[in-house]
Amino acid sequence: MSALHLPAGTGATHLFLGTTMTVKAGESETGKALTLIEQECPPGFATPWHVHQRDDEAFYVLSGTVQLYCGDQTWQAGAGAFVLLPRHQPHAFANRQDSPLRLLQLTWPAGFEHFAADIAACDPDPGLLAEVAARHGYQIIGPPPDITP
């Protein structure tokens, strides 16, 4: 592993389920230790309920407010907040605001960037999403949370 400098606005960018993900570091840059992605989620975006089977996931909120669901917990996190979602725990998140949500997404060990690239390449329907997710160690267990803001 060598030193890395990635200027603002650079990195591999993928359109992922309606969000824009820019990979800042991944497997090859971190010796497989972690993946760091800058993510912008439009208003109304929500992930399906899912489980990470191989990696832990964390978010640092850059701007906006994210609505988070983990197991039976629900909370909101605004700019400057940090959230950890351990592997094997069902979770989802949503942008219930009227403006874009910007996050730094960290997963470890590395590899999430390959899932993002595969999904961006096929723009999947729910069945294909579940199939591609399973290949990468993610289990889709339900539709996005239906919570009224």
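Determine if the range 26-33 includes at least one residue that is closer than 23 Å to GLY137 by Cβ and either assigned to a strand (DSSP E or B) or hydroxyl-bearing (Ser, Thr, Tyr) (or both).
Looking for residues that are closer than 23 Å to GLY137 by Cβ and either assigned to a strand (DSSP E or B) or hydroxyl-bearing (Ser, Thr, Tyr) (or both), one finds at least one in the range 26-33, hence yes.
Collect the residues in the range 56-99 that are in contact with a Gly (Cβ under 9 Å, 6 or more places away or on another chain) and of a type in the set (Phe, Trp, Tyr), keeping them in residue-number order.
The answer is TYR60, and nothing else.
Under 9 Å between Cβ atoms, at least 6 apart or on separate chains: pull out the pairs that start in the range 64-78 with a residue that is closer than 18 Å to HIS52 by Cβ and among the aliphatic types (A, V, I, L, M) and end on any residue that is part of a strand (DSSP E or B) and open to solvent by 70 Å² or more (accessible area, probe 1.4 Å).
VAL66/GLN76; LEU68/THR74; LEU68/TRP75; LEU68/GLN76
Considering only the range 5-29, how many residues are touching a Ser or Thr at 6+ places or on another chain (Cβ under 9 Å) and exposed (fewer than 10 other Cβ atoms within 10 Å of the Cβ)?
Count: 1.
Collect the residues in the range 1-25 that are part of a loop (DSSP other than H, G, I, E, B) and within 22 Å of ASP98 (Cβ to Cβ), keeping them in residue-number order.
LEU17, GLY18
Each row is one residue, and each column tells you yes or no for (1) in a strand (DSSP E or B); (2) closer than 19 Å to PRO100 by Cα; (3) open to solvent by less than 20 Å² (accessible area, probe 1.4 Å).
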{"position": "ILE37", "(1), (2), (3)": "yes, yes, yes"}
{"position": "GLU40", "(1), (2), (3)": "yes, yes, no"}
{"position": "GLY44", "(1), (2), (3)": "no, yes, no"}
{"position": "VAL51", "(1), (2), (3)": "yes, no, yes"}
{"position": "PHE59", "(1), (2), (3)": "yes, yes, yes"}
{"position": "VAL66", "(1), (2), (3)": "yes, yes, yes"}
{"position": "THR74", "(1), (2), (3)": "yes, no, no"}
{"position": "ALA77", "(1), (2), (3)": "yes, yes, yes"}
{"position": "GLY80", "(1), (2), (3)": "no, yes, no"}
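Just the residues that are small (Gly, Ala, Ser), over 18 Å from ALA94 (Cα atoms) and either in contact with a helix residue (DSSP H, G or I) (Cβ under 7 Å, 6 or more places away or on another chain) or open to solvent by less than 50 Å² (accessible area, probe 1.4 Å) (or both), please, taken from the range 131-149.
The answer is ALA133, GLY137.
If you check ALA79, ALA94, ALA33, which single one turns out to be closer than 24 Å to GLY127 by Cβ and not basic (Lys, Arg)?
Testing whether each residue is closer than 24 Å to GLY127 by Cβ and not basic (Lys, Arg) leaves just ALA94.
Any residue at all in the range 108-130 that is open to solvent by 50 Å² or more (accessible area, probe 1.4 Å), closer than 16 Å to THR47 by Cβ and in contact with a strand residue (DSSP E or B) (Cβ under 7 Å, 6 or more places away or on another chain)?
There is no residue in the range 108-130 that is open to solvent by 50 Å² or more (accessible area, probe 1.4 Å), closer than 16 Å to THR47 by Cβ and in contact with a strand residue (DSSP E or B) (Cβ under 7 Å, 6 or more places away or on another chain).
Quick check: anything in the range 111-128 over 15 Å from PHE16 (Cα atoms) and in contact with a Gly (Cβ under 7 Å, 6 or more places away or on another chain)?
So far as the range 111-128 goes, no, none of its residues is over 15 Å from PHE16 (Cα atoms) and in contact with a Gly (Cβ under 7 Å, 6 or more places away or on another chain).
The values are calculated or read from the model by the stated rules, or taken from the named source; none is laboratory data. Everything numeric in this text was worked out from a predicted model, so none of it was measured. Because the Cβ atoms are built from the backbone with ideal geometry, glycine has one as well, and the counts that use them run over all protein chains shown. SASA here: full protein model, heavy atoms, side chains in, ligands and nucleic acids out. Shrake-Rupley method; radii C 1.70, N 1.55, O 1.52, S 1.80 Å.
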